[in-house]
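Participant: The structure that follows is given in the form of structure tokens.
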Amino acid sequence: MIKAVFIASTEPHSGKSIISIGLVNMLLGKAQKIGYFKPIISQTQPKKKEDHIDTILSYFDLPIAYDDTYAFTWEDAMRQMETESQGEMLDTIIRKYKYLEGKYDFTVVEGTDYQGEGAAFEFEINVQIAKNLRAPVIIVISGEEKSIAQVVTAAITAWHNFDAREVPVLAVVANKVEPEHAKEIQNLLAQQLLPGILLAVIPEDKGLQSPTMKEICKKLNGKLLFGKDHLSNHADHFVTGAMQVPNFLNFLKENVLIITPGDRGDIIISALQANLSISYPKVAGIILTAGFEPEEPILRLINGLQTVVPIIAVTSGTFQTSNDIGAIRSSITPDNTKKIQLAIDAFNKYINIPELEKQIITIKPSGITPRMFQYQLVEWAKSSKKHIVLAEGTDERILKATGRLISQGIVDITLLGDTNDIQAIVKRENINLDFSKVTIVNPKFDVHYDDYVNTLYELRKSKNVNMEMARDLMTDVSYFGTMMVYKGDADGMVSGAVNTTLHTIRPALQFIKTKPGVSLVSSVFFMCLPDRVSVFGDCAVNPNPTAEQLAEIAISSADSSKRFGIEPRVAMLSYSSGTSGEGEDVEKVRRATEIVRFKRPDIKVEGPIQYDAAVDPVIGSSKLPGSEVAGRASVLIFPDLNTGNNTYKAVQRETGALAIGPMLQGLKKPVNDLSRGCTVDDIFNTVVITAIQCQDTEK
């Protein structure tokens, strides 16, 4: 039974952090308790945490004390070697590892960073550690500045070296390879590696390797003049601005860093204007050299611009500054969530995850954690790719979420809006969005517009909608997007980041309508609490449901819960439990519970029941002994919208729970509403659950 994997490289800057981050993310989708251990770290400053360990612990919120994640600093390890205490060093590493092994379902172990002298010596240390921990190895080879032959030779040599020392090799990863070489390297390695060894070739990604403006400012000890909000910009290229403006503009590339003396106001202004123009590539930032800063009129002009890239002043000359920037090696830090997500995306895209899971995951989890739930949602959505229309295509949050969804290959997306407006926002906000992989539709000028107008007219003419009204309504993104779903030109729609709930769902109620046997559209939130996922309904649609409607909400919510992998145990909430209370509101809940039991005897349901008795085992057993639901409820049905909406928001704010939804249930085809205060994560998750609903609609 495999309880750990050792990630090893044979040289510095191999990019093994991509594998460790991606592996931890994958494992957290399968198990509740994942450990992380780096036996020897490079950090030399005693009070400062190593960035990579800090990144993994903080981003994934792993409950591991920092001191438990490593055994030695490199200097301490070398002192052990010099005094011929290698055995004692290995004993300490094994002891610390065993402590984690006893506490966690699986542990990701990461080898050294090769920042000392003597690569062969350091390689041998990694081999000995992996062998003593009995952990199979994932070998990571860098393809940076290497030919095809050099990459293949390095990978095969590393594999043979581990194999010769009887250390099992689980996978070989060739990272940072030239994109045009990737296929040939894949074929050559596949021919030479033994069957059963996983193989992955990850092309070079500028977004992962390029330094951010924040890193550049720190390395150069620069003075930030402007653009504090854009320090996360990646500098993929740099150019020296020492020529006349027309010639200078010809050298601009995407995410370019401009290095120019601080007194070149013409270069500074033309660079900022180029950054705002959709005719020129995105500018990452500007470095002003030689100790010069712009004169007062230039500063005043820059202060008045809507968006300013980071402008940093340094004292060194242009030539020296260029050399210093060229030597910067970017790393993934805790505050750079963009790079962390890029690393996860790269891992998910290029690693054969199903095969890796098959080989290493023997965990049988009990219950479901929020991260496991989210991981499973993405896997379900990917299993049958669907086409989702996002009605509010000019909202920057929508565009950021679209970038993530597209990069992970989860769904196909159509954005509604003007192409020029969307492109300008993407450039201004430095959003990572590949326009070749999305469709942009302006409803007024789309080829389907007239057909949609005629369809709407035929559907609604009995409701006094004339042709002119139909034309006007079909310019509205909610109506247009819903009609795309109705006509089968998209599988589902998500809206509501800008528009109200009523504006979003009205068209769906008018012509998509409810499923057979369902009279009511309702909603649920998936509440991702620290140790479980609960379903809350209805917190978004029905203000004051009758007993019959409340029963229908409960049945729909139980079915939704089961579909999304949560065993439904339904609590019909009220201000009293069991037979202790009286009153109209309690009777409504009691009657609704009886209807659920009559219509769906397969559903475990309890009501009326108070919230604490529903979720706390001690209180539940006290108030309703013998109940299958009390203290263990997974689906909580609120008696009215006032109670439900306030409760979900209170739980979300006070516990830090992630609320995924609202997900509308009961419609023939999926249309889902967002909160106007939604985050990029909210949009991402809502699109994912909409895609899963589309799969059910297809079935």
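The values are calculated or read from the model by the stated rules, or taken from the named source; none is laboratory data. Bear in mind the structure is a predicted one, so any value in this text is a computation, not a measurement. Cβ sites come from the backbone with ideal geometry, for glycine too, and all protein chains shown count toward neighbours.
Participant: Can we say Val498 is touching a residue at least 60 places away in the same chain (Cβ under 8 Å), of a type in the set (A, V, I, L, M, F, W, C) and surrounded by fewer than 24 Cβ atoms within 10 Å (Cβ to Cβ)?
Facilitator: The answer is yes for Val498.
Participant: Of the residues Ile278, Ile312, which single one is of a type in the set (Val, Ile, Thr), under 30 Å from Lys49 (Cα atoms) and in contact with a helix residue (DSSP H, G or I) (Cβ under 8 Å, 6 or more places away or on another chain)?
Facilitator: Only one candidate qualifies: Ile312.
Okay, residues lined up against (1) touching a Phe, Trp or Tyr at 6+ places or on another chain (Cβ under 8 Å); (2) part of a helix (DSSP H, G or I); (3) in the same structural domain as Thr500 (by TED's automatic domain parsing); (4) within 18 Å of Asn544 (Cβ to Cβ):
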{"residue": "Ala592", "(1), (2), (3), (4)": "no, yes, no, yes"}
{"residue": "Ala613", "(1), (2), (3), (4)": "no, yes, no, no"}
{"residue": "Ser627", "(1), (2), (3), (4)": "no, no, no, no"}
{"residue": "Asn645", "(1), (2), (3), (4)": "no, yes, no, yes"}
{"residue": "Tyr648", "(1), (2), (3), (4)": "yes, yes, no, yes"}
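Participant: I need the full set of residues from the range 481-496 which are within 14 Å of Ile388 (Cβ to Cβ) and either in contact with a helix residue (DSSP H, G or I) (Cβ under 7 Å, 6 or more places away or on another chain) or in a loop (DSSP other than H, G, I, E, B) (or both), in order please.
Facilitator: Hits for the range 481-496 are Thr482, Val485, Gly488, Asp489, Ala490, Asp491, Gly492, Met493, Val494, Ser495, Gly496.
Participant: Suppose we filter Lys385, Lys400, Lys358 for residues that are buried (at least 19 other Cβ atoms within 10 Å of the Cβ) and not β-branched (Val, Ile, Thr); which single one remains?
Facilitator: Answer to the check: Lys400.
Participant: Within the range 227-235, identify whether any single residue is touching a residue at least 24 places away in the same chain (Cβ under 8 Å), in a helix (DSSP H, G or I) and either at positive phi or hydrophobic (A, V, I, L, M, F, W, C) (or both), and answer yes or no.
Facilitator: no
Participant: I've got another one for you. Hey, can you tell me all the residues within the range 126-175 that are among the aliphatic types (A, V, I, L, M), surrounded by 19 or more Cβ atoms within 10 Å (Cβ to Cβ) and either touching an Asp or Glu at 6+ places or on another chain (Cβ under 7 Å) or outside the structural domain of Lys349 (by TED's automatic domain parsing) (or both)?
Facilitator: Result: Val169, single match.
Participant: What are the residues in the range 236-288 that are in contact with a His (Cβ under 8 Å, 6 or more places away or on another chain) and under 18 Å from Ile302 (Cα atoms), if any?
Facilitator: If the condition is that a residue be in contact with a His (Cβ under 8 Å, 6 or more places away or on another chain) and under 18 Å from Ile302 (Cα atoms), then Leu257, Ala284, Gly285 are the ones that fit.
Participant: Now for a separate question. Which condition from (1) β-branched (Val, Ile, Thr); (2) crowded, with 23+ Cβ neighbours inside 10 Å; (3) more than 23 Å from Leu198 (Cβ to Cβ); (4) in contact with a strand residue (DSSP E or B) (Cβ under 7 Å, 6 or more places away or on another chain) is the one that Thr55 breaks?
Facilitator: Only one criterion is unmet by Thr55, namely (4).
Participant: Something else: Give Glu184, Glu178 a once-over and let me know the one that is within 27 Å of the chain's Cα centre (by Cα), surrounded by 14 or more Cβ atoms within 10 Å (Cβ to Cβ) and not hydrophobic (A, V, I, L, M, F, W, C).
Facilitator: Answer to the selection: Glu178.
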